[in-house]
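Below: the structure, in structure tokens.
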Amino acid sequence: MTANTLPFGIGVGERRALVAFLVRKAGSEMLAEDIAHDAIIRLVEFQRREKVRNSKALLFKIAVNLLINHQRRENRTVEGVTDEFVDDRPTQDRTALDSDRLAQLQRAIDALPPLRREVLVRRRLENQSYEEIGRALNLSSAAVEKHVVRALASLRAYQDKHVFEGVSPW
Amino acid sequence: MVIRIGAFRHYEERIDEIQAQAAFWVARENSGRIREAERIELREWLARSPAHELEYTLADSLYADETLIAALRTAPRLAAQRRATPVEGALDRVKRGLAAIAWPKLVAASLCIALCFASARVLFQPKPDAPTEDSRLAGGMVLETRPGERLLVQLPDGSRVELGGDASAEARFTPAERHFALRRGDAHFDVAHDKSRPFLIQTRRAGVRVVGTRFLISQLRDDTRVDVYDGTVEVRPDRNETSKLLLKRGSRVTIGRDVTLTHFDASDENDWRNGWVDEAQISLGELAELVERRSGERIVVDQGLSQLKISGRFRINRPDEIFDKLGRVYGFKNYHKGDAYYLIKVD
């Protein structure tokens, strides 16, 4: 992909920074190049339909999404197909990535209001139904769902805010 | 050429809403209570914008993330009675000890939170696409395009406005009137009929009042032009002017220092959309501006050429084509260098 086919607001420098970021996260230069290429195409498509102020931040976000999806797919393939040969120990890169994300998510969870956090813990960690949570905390099922929605939205907003400021990359 | 549908505001300005909607759908899907009708609604919502799809995928990945579950294991808990799972027995005892110490602080915290929730509910309603277009328009909504873009906007009253490139406009609806200000660029209007609620358009040079009709307004360098495709349009050449013009299908009024009334061929309404302009007398400089707006290409006109008067029917979305053709007739040439087209005189 040459400079003049890059989307609006994205230059060769941004592309290079994206690839470097992805190499750090994915550990593979080839995968990083693939994902960067794909992300740029998606950004062009995105800008065709949405007005975007900060194309660079969006490009990184699209790339992160592609990387997560790639890794989720990989994990599924590993679990499903090659059961006998799987080395359970995570690779060094994955460990680094996960410890960063773990610390980030812990901070995001700490920042939630206590009731909202409690509902999320019961729902995701303890797998309780909305009715169970409602009974325990004296809330209606609808209110429980609203807490889950708000908790999830807050965590996503926290992630977005802290991805590109260098505080804690995904 | 870029056509964006319904892109009222920047993606960044809507991100909170989109994230709330995405979270709503992810929670709904994982509640095990999602209905078929909601699934259809979700699919439609996802198809409406790449931003919806992106935020949905990110929220979904986060919800399913093992790392999230790991992070929740160490989360502080509300000191309420709860059933512990056997795995957590050991951790739990530690935490209960901590909770006992932190008890008074937590009570204060959760009281305050309850208040926050009560007020937050009004501001933050995670519903899929809240039907608030009309109320949003009450505060005024700015519509803008960059050169080379087009924006098709469906207003809540059913009117459709299509903005050409490099245009700026604002819509503001009240219960009694529909206000629209076109500050820059061209806009094609298809106004929904509503006798009780006139559609009023303010431009630099004129005020336009309609009940329901189709017409095109172009802001030229010094003039405002109105082309009427259907129905009747009332034009007041100046804000303070009491005289008004009633225009029927096929009428064109150009308002500048003078007001000229002419006719144009209204049979092909797609003319403007396809980039055709019909000009009796336009300067090359002005024409270059129109091409710039429509194509998004930068055009630099030689000083001695910009006042050159040109007439005819042109297609302005392809700079190379139009300037090749005109250059042969009017004696100039064009070349493309860097990010611009240059028009220069041929001696």
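The values are calculated or read from the model by the stated rules, or taken from the named source; none is laboratory data. Since we're looking at a predicted model, the values are computed, not measured. Note: ideal-geometry Cβ built from the backbone for every residue, glycine included; neighbour counts use all protein chains shown.
Tell me which of these B:Glu38 doesn't satisfy, since it passes every other one: (1) closer than 16 Å to A:Arg42 by Cβ; (2) more than 8 Å from chain A (Cβ to nearest Cβ); (3) acidic (Asp, Glu).
Looking at each condition in turn, B:Glu38 falls short on (1).
Quick check, is B:Val301 touching a Phe, Trp or Tyr at 6+ places or on another chain (Cβ under 9 Å), on the phi < 0 side of the Ramachandran plot and among the aliphatic types (A, V, I, L, M)?
Details: touching a Phe, Trp or Tyr at 6+ places or on another chain (Cβ under 9 Å): yes; on the phi < 0 side of the Ramachandran plot: yes; among the aliphatic types (A, V, I, L, M): yes.
The answer is yes for B:Val301.
Can A:Ile41 be described as surrounded by 15 or more Cβ atoms within 10 Å (Cβ to Cβ) and more than 19 Å from A:Arg101 (Cα to Cα)?
On the way: surrounded by 15 or more Cβ atoms within 10 Å (Cβ to Cβ): no; more than 19 Å from A:Arg101 (Cα to Cα): yes.
For A:Ile41, the condition - surrounded by 15 or more Cβ atoms within 10 Å (Cβ to Cβ) and more than 19 Å from A:Arg101 (Cα to Cα) - is not met.
Condition check: surrounded by fewer than 15 Cβ atoms within 10 Å (Cβ to Cβ), more than 11 Å from the chain's Cα centre (by Cα) and either at pLDDT 80 or above or assigned by TED's automatic domain parsing to the domain that holds B:Arg204 (or both). Does B:Gly158 satisfy that? Explain how you work it out, then say what you get.
Working: surrounded by fewer than 15 Cβ atoms within 10 Å (Cβ to Cβ): yes; more than 11 Å from the chain's Cα centre (by Cα): yes; either at pLDDT 80 or above or assigned by TED's automatic domain parsing to the domain that holds B:Arg204 (or both): yes.
Considered against the rule, which asks whether it is surrounded by fewer than 15 Cβ atoms within 10 Å (Cβ to Cβ), more than 11 Å from the chain's Cα centre (by Cα) and either at pLDDT 80 or above or assigned by TED's automatic domain parsing to the domain that holds B:Arg204 (or both), B:Gly158 comes out as yes.
For the range B:277-287, which residues satisfy the criterion of being over 22 Å from B:His188 (Cβ atoms), out of contact with any Phe, Trp or Tyr (no Cβ under 8 Å at 6 or more places or on another chain) and crowded, with 16+ Cβ neighbours inside 10 Å? Even if it seems obvious, please write down each step before you answer.
Residues of the range B:277-287 over 22 Å from B:His188 (Cβ atoms): B:281, B:283-285.
Filter once more, so that each one left must be out of contact with any Phe, Trp or Tyr (no Cβ under 8 Å at 6 or more places or on another chain): B:281, B:283, B:285.
Once the filter is applied, which keeps residues that are over 22 Å from B:His188 (Cβ atoms), out of contact with any Phe, Trp or Tyr (no Cβ under 8 Å at 6 or more places or on another chain) and crowded, with 16+ Cβ neighbours inside 10 Å, the range B:277-287 yields B:Ser283, B:Gly285.
Pick from B:Gly331, B:Gly338: which is at positive phi, modelled with pLDDT of 85 or more and of a type outside the set (S, T, N, Q)?
B:Gly331
Looking at the range B:212-230, I want the residues that are over 16 Å from B:Leu246 (Cα atoms) and outside the structural domain of B:Leu284 (by TED's automatic domain parsing) and have a partner that is of a type outside the set (Val, Ile, Thr) and assigned to a strand (DSSP E or B) with Cβ atoms under 6 Å, at least 6 apart or on another chain. Which pairs are those?
Cβ pairs passing all conditions: B:Ser218/B:Asp186; B:Ser218/B:Arg225; B:Gln219/B:Arg184.
Do you know which residues across the range B:294-338 are hydroxyl-bearing (Ser, Thr, Tyr), touching a residue at least 12 places away in the same chain (Cβ under 8 Å) and surrounded by fewer than 19 Cβ atoms within 10 Å (Cβ to Cβ)?
Those that are hydroxyl-bearing (Ser, Thr, Tyr), touching a residue at least 12 places away in the same chain (Cβ under 8 Å) and surrounded by fewer than 19 Cβ atoms within 10 Å (Cβ to Cβ): B:Ser306, B:Ser311, B:Tyr330.
If you check every pair at least six apart or on different chains, which have Cβ atoms under 6 Å apart with a residue in the range B:170-196 that is over 15 Å from B:Gly207 (Cβ atoms) first and a residue that is of a type in the set (Lys, Arg) second?
What qualifies is B:Asp190/B:Arg160; B:Asp190/B:Arg214.
Which of the strands (runs of 3 or more DSSP E) found entirely inside the range B:146-236 contain at least 2 residues meeting this: of a type in the set (A, V, I, L, M, F, W, C) and touching a helix residue (DSSP H, G or I) at 6+ places or on another chain (Cβ under 9 Å)?
Per the criteria, B:168-173.
Any residue that is of a type in the set (S, T, N, Q) and within 23 Å of B:Gly275 (Cβ to Cβ) - is there at least one of those in the range B:168-184?
Looking only at the range B:168-184, we keep the residues that are of a type in the set (S, T, N, Q), and these are B:168, B:174.
The next check asks that each one be within 23 Å of B:Gly275 (Cβ to Cβ); those that pass are B:168.
Checked the range B:168-184: at least one residue is of a type in the set (S, T, N, Q) and within 23 Å of B:Gly275 (Cβ to Cβ).
Is there any pair with a first residue in the range B:19-37 that is not assigned by TED's automatic domain parsing to the domain that holds B:Pro50 and a second that is modelled with pLDDT of 85 or more and among the hydrophobic types (A, V, I, L, M, F, W, C) whose Cβ atoms are under 7 Å apart and which are 6 or more apart or on different chains, and what are they?
Within 7 Å, no pair qualifies.
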